[in-house]
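Report on the structure given below.
The values are calculated or read from the model by the stated rules, or taken from the named source; none is laboratory data. Quantities reported herein were computed from a predicted structural model and do not represent experimental measurements. Quick reminder, even Gly has a Cβ in these numbers, built from the backbone with ideal geometry, and neighbours come from all protein chains shown.
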């Protein structure tokens, strides 16, 4: 385990060093990441110039929700970028090389990419979070602070699971499928508002099938004092179950894997 | 003119060959549209009085936007064109007995129309079949539908003219990424892709409606959904024609200048 962590750290430092060789394009990519999600924020901002609430949540509360959710997404994307671009690894036959090395497959794929440019988005998420903390009208205490930490951990796990599952899908299709964008980019885009605002059926889907609501809607209710029982703070940790079927799917995919490179 | 038409036909059939990608795209756009509608409905339920469009209007707006995404999407500038300007391969294109501006224009038209042709019908069909308020409503009256079609054509032409102007400007910058990022973000925001223009505060809306960005998807979609009517709609279509003329003239002039002063990069 310790060796794995060290190796991963080494991978990361290599990627960071190589990215810093091109500081100009690094800054540009960071700005780009920032701009893209800044548009989403602007859309929200102007909606709330007209409306005062959505699904019972005010502007400050929605900003808090979006800030945390975007942080969860960018953390997962930063770490799991290797899975996001996994289809090219399979198509070029690079995965064969990965399989003959005496180290874990997941670790190696994780280490194959580490995208620091995602801090552009992260930066914005942090700013929105800071504003939401102030404007959301929450009396903060230790359980609530812990809830935020659990949300970040659980949410990163959910998105990590989705990246893993869509990478596993490449074993069957070779191409990455645009449909999977619904669960990554789509979730990021529409997760700006608490899932409950979209209606009951979607909330059920996001509770039991892909547990976005466990790391977004329910803990938000606890943060805002709409739910008071202490066990609500542990709800985001439940989302970790989602990684298990995703990993299972990945294992199935590896069993079926046939090399496609030359 | 004939050579540009056959160039268009060539690129068009190239675009048609990506069918599997189109199916995946259709599914994505359908879910996306559904989510977008759920979002607007959530705001509507909260304060129906403050909603600036009719509920049927916004739903039709969203479905048409999804169906014709490829026609108007800001990010659909072709990376290969930027790449060839950057690495110097564009010089080969310039050797051909064609003007570079109409060639790039025809190429962009072909790409957008071929992708939209594959994707729009299934999305529209699904949307029409959806029950009650969630579906795409039938066009109201032949006159308005004709105006919608006209605005649609002008809107695509303005979008392509703007894109081609960006290609032309790229000849003067060596690294196009920054420009592309800024322009696509601005386009998305001002042309009503993020939220439709009626949702902006009134003063801002008035300014935004004059900009060339509003002459893209904003006019046809709002004519269809009944938000723009009568004289307002006619004025908007006229403004589209004006911006089309300005953007084509500007693009042509910049490209001509680029052709005279061109330094080809790369070896």
Among the residues of segment A:195-211, write down those that are within 12 Å of chain B (Cβ to nearest Cβ) and within 18 Å of residue A:236 (Cβ to Cβ). A:195, A:196, A:203, A:205, A:206
All positions within segment A:11-29 that are in contact (Cβ under 8 Å) with a residue 60 or more places away in the chain and away from chain B (no Cβ under 14 Å): A:11, A:12, A:15, A:16, A:19
Would you be able to tell me the number of residues in segment B:1-21 that are under 30 Å from residue B:101 (Cβ atoms) and facing another protein chain (nearest Cβ under 10 Å)? 1
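Residue-wise test of (1) free of Cβ contacts under 8 Å to residues at least 60 places away in the same chain; (2) in contact with a helix residue (DSSP H, G or I) (Cβ under 7 Å, 6 or more places away or on another chain); (3) on the phi < 0 side of the Ramachandran plot.
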position	(1), (2), (3)
B:48	yes, no, yes
B:56	no, yes, yes
B:79	yes, no, yes
B:86	no, no, yes
Qualifying position, being assigned to a helix (DSSP H, G or I) and within 11 Å of chain A (Cβ to nearest Cβ), among B:91, B:74, B:38, B:70: B:38
Scanning for something within 21 Å of the chain's Cα centre (by Cα), within 12 Å of another protein chain (Cβ to nearest Cβ), in a helix (DSSP H, G or I) and more than 20 Å from residue B:166 (Cα to Cα), does segment B:41-52 turn up at least one residue? no
Hey, could you check segment A:52-76 for residues that are in contact with a helix residue (DSSP H, G or I) (Cβ under 6 Å, 6 or more places away or on another chain) and under 17 Å from residue A:139 (Cβ atoms) and say which is farthest from the other protein chains (Cβ to nearest Cβ)? A:64
Would you confirm whether any residue within segment B:116-135 is surrounded by fewer than 20 Cβ atoms within 10 Å (Cβ to Cβ), under 20 Å from residue B:235 (Cα atoms) and more than 20 Å from the chain's Cα centre (by Cα)? no
Which condition from (1) touching a residue at least 60 places away in the same chain (Cβ under 8 Å); (2) under 26 Å from residue A:17 (Cβ atoms) is the one that residue A:170 breaks? (2)
Could you pull out every one of the helices (runs of 4 or more DSSP H) wholly within segment B:170-267 that has 2 or more residues that are crowded, with 18+ Cβ neighbours inside 10 Å, more than 14 Å from chain A (Cβ to nearest Cβ) and in contact with a helix residue (DSSP H, G or I) (Cβ under 7 Å, 6 or more places away or on another chain)? B:218-224, B:230-261
Restricting to segment A:167-180, name every residue that is part of a helix (DSSP H, G or I), at the interface with chain B (Cβ under 10 Å from one of its Cβ atoms) and either surrounded by fewer than 19 Cβ atoms within 10 Å (Cβ to Cβ) or under 12 Å from the mean Cα position of the chain (by Cα) (or both). A:173, A:178, A:179
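Go through the residues of segment A:225-247 one by one and say whether even a single one is closer than 27 Å to residue A:51 by Cα and out of contact with any helix residue (DSSP H, G or I) (no Cβ under 6 Å at 6 or more places or on another chain).
Yes, the conditions are met somewhere in segment A:225-247.
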Conditions: (1) under 16 Å from the mean Cα position of the chain (by Cα); (2) away from chain B (no Cβ under 13 Å); (3) surrounded by fewer than 17 Cβ atoms within 10 Å (Cβ to Cβ). Residue A:160 meets all but one. Number of the miss? (3)
Select from segment B:77-88 the residues that are assigned to a helix (DSSP H, G or I) and within 18 Å of residue B:8 (Cβ to Cβ) and list them in ascending order. B:80, B:81
Matching residues in segment B:94-140 - criterion: being modelled with pLDDT of 85 or more and in a loop (DSSP other than H, G, I, E, B): B:99, B:130, B:135, B:136, B:137
Any idea which of (1) over 17 Å from residue A:72 (Cα atoms); (2) in a helix (DSSP H, G or I); (3) in contact (Cβ under 8 Å) with a residue 40 or more places away in the chain is the one residue A:244 doesn't satisfy? (3)
Of all helices (runs of 4 or more DSSP H) fully inside segment A:1-86, the set with 3 or more residues that are over 16 Å from the mean Cα position of the chain (by Cα) and at pLDDT 85 or above is A:2-20, A:23-50, A:59-79
Here's a check for you: in segment B:22-35, which residue that is over 24 Å from residue B:55 (Cα atoms) and more than 7 Å from chain A (Cβ to nearest Cβ) is surrounded by the fewest Cβ atoms within 10 Å (Cβ to Cβ)? B:23
So, in segment A:30-51, of the ones that are crowded, with 16+ Cβ neighbours inside 10 Å and more than 8 Å from chain B (Cβ to nearest Cβ), which residue ends up farthest from residue A:157 (Cα to Cα)? A:48
Might you let me know whether segment A:139-152 holds any residue that is part of a helix (DSSP H, G or I) and within 14 Å of chain B (Cβ to nearest Cβ)? no
Going through segment A:181-191 one residue at a time, which ones are at the interface with chain B (Cβ under 9 Å from one of its Cβ atoms) and within 18 Å of residue A:63 (Cβ to Cβ)? A:189, A:190
